[in-house]
Amino acid sequence: MLGMIKTRRDARQAIMEFADSDRFAANQEFLNREMAKLRSHRLFSHEFLEIARADRLAPRTVAALHTDFLTLADQFTDVILSAQRRVRGIADRHQEPYMPARFLLMLNLFDELGFVECDNGIDGSYRQSHYHLFQDVVRRASRGYERASGGSVGGQIHQFVEQNMDDLIVMLVYLAVGEEKIIAYSPLMRQAAESVGVDVSRGYYRVHGSTADVDSDACDDLHQQDALLIMAQYMHPSDHPRVSQLFQSLADMWYEYWGQYVAYNESRQAS
């Protein structure tokens, strides 16, 4: 976990000091409402969660959901890099400094790339990057089911993100929704991986979840807060309708994504 509490707090404080206070407050109030709506979305009461919680996922389903997710895990780093580049739009829109926002995203990137805090500062290895760790999970979870695939919705999400890489608002909403999804689904994906023999005491599932998750060293909730804070500095109030639609659309896409594994799992159980 790369929480770096004081470092992160200082950057967040700088954003709040540099942003126009009225615009920032209005945007934060709006985003708080959107996050409340997101958490009540059917995505977070999905049938998949019930099935996974009850250990009713077939081994082939576990293999399929990990194999399919690999492409999205690979793309996640690109999303952070894209957002980090495009936060300079804060200066273009509002004539406000954008380096604190870029700095926050760098902390998120460090975490994705496998850097960890140590006695002498931070240390890292590409072998500890989240994508590399997830590749290892996929190899272990898909043994005997290497060609398993649950459907095409992951490809649709991937294509949507690729088509919008130049749009900072889309990238930030994707990060905010994605982190909320990870917080809810990662513990159950961890459970599913463990059920097929993956050691989840280390590796990818050790670094995914929230800071409240006692079974991980994760800080995805901090990453989400960073994305929302940057959005609160960047947005105009005129962006609110579009942002609200993006939250809804992305939640709907992820709902369909997990739904394909419910159907796939039923077909595995029947065969």
(request) Could you pull out the residue among A184, A192 that is at pLDDT below 95, within 22 Å of R42 (Cβ to Cβ) and not in a loop (DSSP other than H, G, I, E, B)? (result) A184
(request) Scan segment 248-260 and report the pairs whose first residue is within 11 Å of R42 (Cβ to Cβ) and whose second residue is of a type in the set (F, W, Y), with Cβ atoms within less than 8 Å and a gap of 6+ or a chain change. (result) W258/F48; W258/Y185; G259/F48
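Is it the case that segment 113-134 has a residue that's of a type in the set (A, V, I, L, M, F, W, C), surrounded by fewer than 19 Cβ atoms within 10 Å (Cβ to Cβ), under 15 Å from the mean Cα position of the chain (by Cα) and not in a strand (DSSP E or B)?
Let us first name the residues in segment 113-134 that are of a type in the set (A, V, I, L, M, F, W, C), namely 113, 115-116, 118, 122, 133-134.
Those left that are additionally surrounded by fewer than 19 Cβ atoms within 10 Å (Cβ to Cβ): 113, 116, 118, 122.
Then drop every residue that is not under 15 Å from the mean Cα position of the chain (by Cα), which leaves 113.
From the residues that got through so far, the ones that are not in a strand (DSSP E or B) too are 113.
Yes, because at least one residue in segment 113-134 is of a type in the set (A, V, I, L, M, F, W, C), surrounded by fewer than 19 Cβ atoms within 10 Å (Cβ to Cβ), under 15 Å from the mean Cα position of the chain (by Cα) and not in a strand (DSSP E or B).
Sort out which residues of segment 146-181 are farther than 14 Å from L70 by Cβ and not in a helix (DSSP H, G or I), and write them in order of number.
Pass one, segment 146-181, residues farther than 14 Å from L70 by Cβ: 151-153, 156, 159-181.
Matches in segment 146-181: G151, S152, N164, M165, D166, D167.
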(request) Give just the number: which of (1) more than 18 Å from G178 (Cβ to Cβ); (2) touching a residue at least 40 places away in the same chain (Cβ under 8 Å); (3) more than 18 Å from the chain's Cα centre (by Cα) does V87 not satisfy? (result) (1)
(message) Quick check on this structure: which one of M231, M171, M235 is over 19 Å from the mean Cα position of the chain (by Cα), buried (at least 17 other Cβ atoms within 10 Å of the Cβ), aliphatic (A, V, I, L, M) and at pLDDT 90 or above?
(response) M235
(request) Please report, ordered by residue number, the helices (runs of 4 or more DSSP H) entirely within segment 4-102 with at least 2 residues that are touching an Asp or Glu at 6+ places or on another chain (Cβ under 8 Å) and surrounded by 13 or more Cβ atoms within 10 Å (Cβ to Cβ). (result) 5-18, 21-39, 59-86, 89-94
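The values are calculated or read from the model by the stated rules, or taken from the named source; none is laboratory data. Computed from a predicted structure; not experimentally measured. Using ideal geometry, Cβ is built from the backbone for each residue, glycine included, and neighbour counts are taken over all protein chains shown.
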